[in-house]
Each structure stands twice: as C-alpha cells, then as structure tokens.
Amino acid sequence: MGGTMDGTKQRRRGNTRQRIQDVALELFAEQGYEKTSLREIAERLEVTKAALYYHFKTKEEIIVSLFEDLTKPIEDLIDWGKRQPHSLETKQEIVRRYSQALLDAEPLFRFMQENQATVRELSIGEMFKNRMLGMRDIVIDPDADLVDQVRCISALFTMHAGMFVMKDVEGDPEEKRKAILEVATDLITQAHKGA
C-alpha cells in the first residue's frame, strides 16, 4: 500500500515540474527570458516561491530541464542512428523521426530562436550544438562527396527553418510539416544517389 502512495506522490511531483516548465516557457515567450523572474513564475502557478524552489533553484535550471526532457527523443534517435548502417532507408527513417521530435519540442525551439543571445550564454547552447553535431554524424556518410554531405546537412536545416518560416504561411500545420519532411527526404535521397 505504501508503494502506491509513493507512486502517486512521484507522479504529482512530475506533474508540478511539468507545469512549472510550461508556465515558465509561456512567460519567457510573453516577456522574454531576462525579464521573467522566478517570483512571476510562482505567481502565475499560484504557488509559493518556496514550492517552486523545491523543484528549481534558477530559471536556467528550468530551461535546462525543459531542453533535456524535450530533446531526449533526439538523443535517443542519435544513439539509434549510430548503430544503423549508412543506408538510404536508415537516413530516411532518421529524417522522419527527427521531424516528429522537432514537432514535439517546437515550443522550446521557438524559445531558442527568439532568445539566441541568451541561449548562447546558457548551457543549453552548447548542449544544442552537441545534439546537432550528433545528428550531422548520423546523416552524413563520411565517404560521400562534399555536395552530398551538404545535401544531408541541408535536410536538417530545412526542417529547422521550415518550423519557423512556415508557421506564418497559410495552411494546415500537418500539411506544412509533411511538405517540409518531403523536401528534407528528397535531399537525403538525392545525396544517397550520389554515393
């Protein structure tokens, strides 16, 4: 019986942590990272600052936890990709999975795009760079010629740029995501034909 109570408490703690992350990201988007205080986050959540401190001591801890949680699928994808052959099918699957991971982490990437100077100063800037290098290493065939390597990197940038540029274009979000994925997949396929 005691185990069930601990599990419930653990889930509730996880939910509070996620609520803090969501509200913080909301406030960062509304008024900027620098102008948002922990006190304001606590007020929006209607909790005491002490309750917030139980989970996070600083704004950076919140943003780092968000980054780690939302980019875990990307880290898992990199690990998976490292164990796969450099085949066209593998690279197409990597691009497909990356598209979904970006979709799931979209609020975080929007924050990073809108707060580039801040991100460079925070530890997530280096973490993001390392994730991108990991993605590069699994989509590029080291033996491919330079043009095909650029095509593979361009596939990743197509997905990143598409996420921001296409949000202002009329149309169904899912259709736009599919169009971006199609272009990225085409680049990967074209690069593979050159191999």
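In the range 53-61, the count of residues that are surrounded by 11 or more Cβ atoms within 10 Å (Cβ to Cβ) and at pLDDT below 90 is zero.
If the condition is being charged (D, E, K, R) and more than 16 Å from L103 (Cβ to Cβ), then the range 148-195 contributes D148, R151, D168, E170, D186, K193. Within the range 118-146, residues that are under 17 Å from E68 (Cβ atoms) and in the same structural domain as I188 (by TED's automatic domain parsing) have Cβ atoms under 6 Å from residues that are surrounded by 14 or more Cβ atoms within 10 Å (Cβ to Cβ) and of a type in the set (D, E) in these pairs: L122/E60, counting only partners at least 6 apart in sequence or on another chain.
Here G125 clears all of (1) under 16 Å from Q92 (Cα atoms); (2) assigned to a helix (DSSP H, G or I) except the condition numbered (1). Taking residues in the range 150-163 that are assigned by TED's automatic domain parsing to the domain that holds R131, and partners anywhere that are assigned to a helix (DSSP H, G or I) and of a type outside the set (A, V, I, L, M), the pairs with Cβ atoms closer than 7 Å and at least 6 places apart or on different chains are R151/Q190; I153/R136; M159/Y98; M159/S99; M163/E106; M163/F109. Within the range 68-122, the residues that satisfy the criterion of being farther than 19 Å from F157 by Cα and either part of a loop (DSSP other than H, G, I, E, B) or hydrophobic (A, V, I, L, M, F, W, C) (or both) are W80, R83, Q84, P85, H86, S87, A117, L122.
If we scan the range 129-146, do we find a residue that is assigned to a helix (DSSP H, G or I), farther than 21 Å from W80 by Cα and touching a helix residue (DSSP H, G or I) at 6+ places or on another chain (Cβ under 9 Å)? The answer is no; no qualifying residue exists.
The values are calculated or read from the model by the stated rules, or taken from the named source; none is laboratory data. Remember, predicted model here, so these are calculated numbers, not experimental data. Ideal geometry is used to build each Cβ from the backbone, glycine not excepted, and the neighbour counts take in all protein chains shown.
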